[in-house]
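Step one of this worksheet: look at the structure below.
The values are calculated or read from the model by the stated rules, or taken from the named source; none is laboratory data. Keep in mind it's a predicted model, so treat the numbers as computed, not measured. Don't worry about glycine lacking a Cβ; one is built from the backbone with ideal geometry, like all the others, and counts go over all protein chains shown. Surface accessibility is based on the protein's heavy atoms, side chains included, excluding ligands, DNA and RNA. Shrake-Rupley method; radii C 1.70, N 1.55, O 1.52, S 1.80 Å.
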Amino acid sequence: MHETQPLRFSPFGEAAIHCDAAGEKLDHAVQERIWSLAELAAGWPHVREAVPGMNNLLLVYDPERADFEDMCAAVEEAWSTLDVSRRQGRVVEIPVCYGGEAGVDLEEVARHAGLSVEAVAERHAASECTVYCLGSQPGFAYLAGMDERLATPRRDVPRTRVEAGSVVIGGAQTGVISCDSPSGWHIIGGTEIRLFDPDREAPILLSPGDRIRFRIQEVR
């Protein structure tokens, strides 16, 4: 139980509430509670949508059936009495070609970390990361669990186009770009695995709670 980790509430427009449990660092036990709270709140008749984030939750509600104060009270009570069971997500392996044309920023990340490019690839692949939430673009997974030594501030000038499949680092997080898009994250490698494919039966590959294991395919 995380009674000592109270939620902070703030209005999000006229019919949504943002519930934030984030402390100085991401906490997996808190994230488990966020997932459980999202599942519970999604069943409330006055809630239209429950969107989990990284140690936070956004609830969109019917303003004719509830208001901000009602939501604060309901969420606070639920948060303190949740029955949380550990989520057993899938293990998904993602092979990565580090460096070269696929990872144009690998050397920059290595310089920032004071490591060789090989050591960056090894540390990145040794990190088992957990999908906390999906967002930003279809299928993009926000991950926790990357080796702290690899944390690198985002680029001062974002690129206007980064290809899907690019393996990236932004701050203390890593991820895989799911759609061609602008990005300020550093590109350290690439994978043929596609997190989003509209032609697949299940277009989005990952779900919250899944665990990601990066595998070194090549270091250039």
Being closer than 24 Å to Lys25 by Cα and open to solvent by less than 70 Å² (accessible area, probe 1.4 Å) is the requirement here; does Gln173 meet it?
yes
In segment 21-39, residues that are farther than 16 Å from Thr130 by Cα, modelled with pLDDT of 90 or more and open to solvent by 50 Å² or more (accessible area, probe 1.4 Å) total 1
Could you check, for segment 124-133, whether at least one of its residues is out of contact with any Gly (no Cβ under 7 Å at 6 or more places or on another chain), over 22 Å from Pro182 (Cα atoms) and open to solvent by 30 Å² or more (accessible area, probe 1.4 Å)?
yes
If you take the residues in segment 40-53 that are open to solvent by less than 30 Å² (accessible area, probe 1.4 Å) and touching a residue at least 24 places away in the same chain (Cβ under 8 Å), which one is farthest from Ser136 (Cα to Cα)?
Ala41
Which residues, taken from segment 100-110, are within 30 Å of Ser207 (Cβ to Cβ) and in contact with a helix residue (DSSP H, G or I) (Cβ under 7 Å, 6 or more places away or on another chain)?
Leu106, Val109
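In this structure, is Gly145 under 19 Å from Trp35 (Cβ atoms), among the small types (Gly, Ala, Ser), in contact with a strand residue (DSSP E or B) (Cβ under 6 Å, 6 or more places away or on another chain) and open to solvent by 40 Å² or more (accessible area, probe 1.4 Å)? Full working, then the answer.
Details: under 19 Å from Trp35 (Cβ atoms): yes; among the small types (Gly, Ala, Ser): yes; in contact with a strand residue (DSSP E or B) (Cβ under 6 Å, 6 or more places away or on another chain): yes; open to solvent by 40 Å² or more (accessible area, probe 1.4 Å): yes.
Taking the combined requirement at face value, the residue satisfies it.
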Selection count, segment 99-120, where residues are within 16 Å of Gly165 (Cα to Cα) and open to solvent by less than 30 Å² (accessible area, probe 1.4 Å)
4
Looking at Arg86, Arg111, which is the one that is closer than 30 Å to Ile17 by Cβ and not acidic (Asp, Glu)?
Arg86
How many residues, within segment 7-20, are in contact (Cβ under 8 Å) with a residue 12 or more places away in the chain and open to solvent by 60 Å² or more (accessible area, probe 1.4 Å)?
4
Segment 86-140, residues that are of a type in the set (Ser, Thr, Tyr), within 20 Å of His28 (Cβ to Cβ) and not in a loop (DSSP other than H, G, I, E, B)
Thr130, Tyr132
Hits in segment 66-83 - residues which are among the aliphatic types (A, V, I, L, M) and either open to solvent by less than 50 Å² (accessible area, probe 1.4 Å) or under 19 Å from the mean Cα position of the chain (by Cα) (or both)
Ala66, Met71, Ala74, Val75, Ala78, Leu82
How many residues does segment 180-220 contain that are assigned to a loop (DSSP other than H, G, I, E, B) and open to solvent by 30 Å² or more (accessible area, probe 1.4 Å)?
15
